[in-house]
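Student: Sending over a structure as structure tokens; questions will come in a sec.
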Amino acid sequence: MFDYDQTHVATVVGSYELGKGFEIGARFRYATGFPRTPMVGAFYSTRRDLYEPNFGQQNSERIPAFVQADARVAKRFQGAW
């Protein structure tokens, strides 16, 4: 796996015209989370006066999946100008 790997990405889009200038639409997106390298511990560096991380196996975990849903309503007007 590389740093920006997403094994599954899905998008569904739809719209429907209701008549009289009205239209509704929706979108749904899903994507698996990006890989991350876990921090398995830390040690204190007296020379630098800070804690330094100990990392686990590179890209062995994933952040949570991403889900997004959108909806819209539109009205079209016809002008007399």
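The values are calculated or read from the model by the stated rules, or taken from the named source; none is laboratory data. Fair warning: this is a prediction, and the values are worked out from it, not measured in the lab. Please note: Cβ atoms are built from the backbone with ideal geometry, for glycine as well, and neighbour counts cover all protein chains shown. Please note that ligands, DNA and RNA were not included when accessible areas were found on the heavy atoms of the full protein model with its side chains. Shrake-Rupley method; radii C 1.70, N 1.55, O 1.52, S 1.80 Å.
Student: Can you figure out the FRET efficiency of THR37 with ASP70, using R₀ = 35 Å and their beta-carbon distance, to the nearest 0.05?
Tutor: 0.60
Student: Rounded to the nearest 10 Å², what accessible area does ASP49 have for a 1.4 Å probe in the complete protein model?
Tutor: Accessible area, nearest 10 Å²: 110 Å².
Student: For semi-axes √(5λ) of the Cα gyration tensor in Å, one of (1) 50, 16, 8; (2) 17, 14, 11; (3) 23, 16, 9 was computed from the structure I shared and the rest are decoys. Which label?
Tutor: Of the listed options (1) 50, 16, 8; (2) 17, 14, 11; (3) 23, 16, 9, (1) comes from this structure.
Student: Let me know the charge dipole size of the chain about its Cα centre in debye, to the nearest 20, where only the beta-carbon of Lys, Arg (+1) and Asp, Glu (-1) is charged.
Tutor: I would put it at about 360 debye.
Student: Once you keep just the Cα pairs under 8 angstrom separated by 6 or more residues, what percentage relative contact order results for the chain?
Tutor: 33 percent
Student: Now, a different point. Pick from ARG62, ARG27, ARG47: which is most flexible by mean-square fluctuation in a GNM of the chain where alpha carbon atoms under 10 Å apart are linked?
Tutor: ARG47
Student: Could you work out which residue, out of ALA26, ALA42, ALA71, moves most in a Gaussian network model of the chain, that is, has the largest mean-square fluctuation with Cα springs under 10 Å?
Tutor: Maximum fluctuation in the GNM of the chain, among the listed residues, is at ALA42.
Student: Same structure again: Compute, for THR32, the solvent-accessible surface of its heavy atoms (probe 1.4 Å) with the complete set of protein chains present, and express it in square angstrom to the nearest 10.
Tutor: Only protein atoms counted, so the area is about 20 Å².
Student: Please build a GNM for the chain, connecting alpha carbons under 10 Å apart, and tell me which residue among VAL13, VAL67, VAL40 fluctuates the most.
Tutor: Highest fluctuation of the listed residues: VAL40.
Student: To continue, here is another question. Net charge near ALA10: determine it from the other residues with C-beta under 14 Å of the C-beta of ALA10, scoring Lys and Arg +1 and Asp and Glu -1.
Tutor: Summing Lys/Arg as +1 and Asp/Glu as -1 gives +2.
Student: Which one of GLY41, VAL67, PHE28 is farthest out on the positive end of the charge dipole of the chain, using unit charges on Cβ (Lys, Arg +1; Asp, Glu -1) and the Cα centre as origin?
Tutor: It is PHE28, whose Cα lies furthest towards the positive end.
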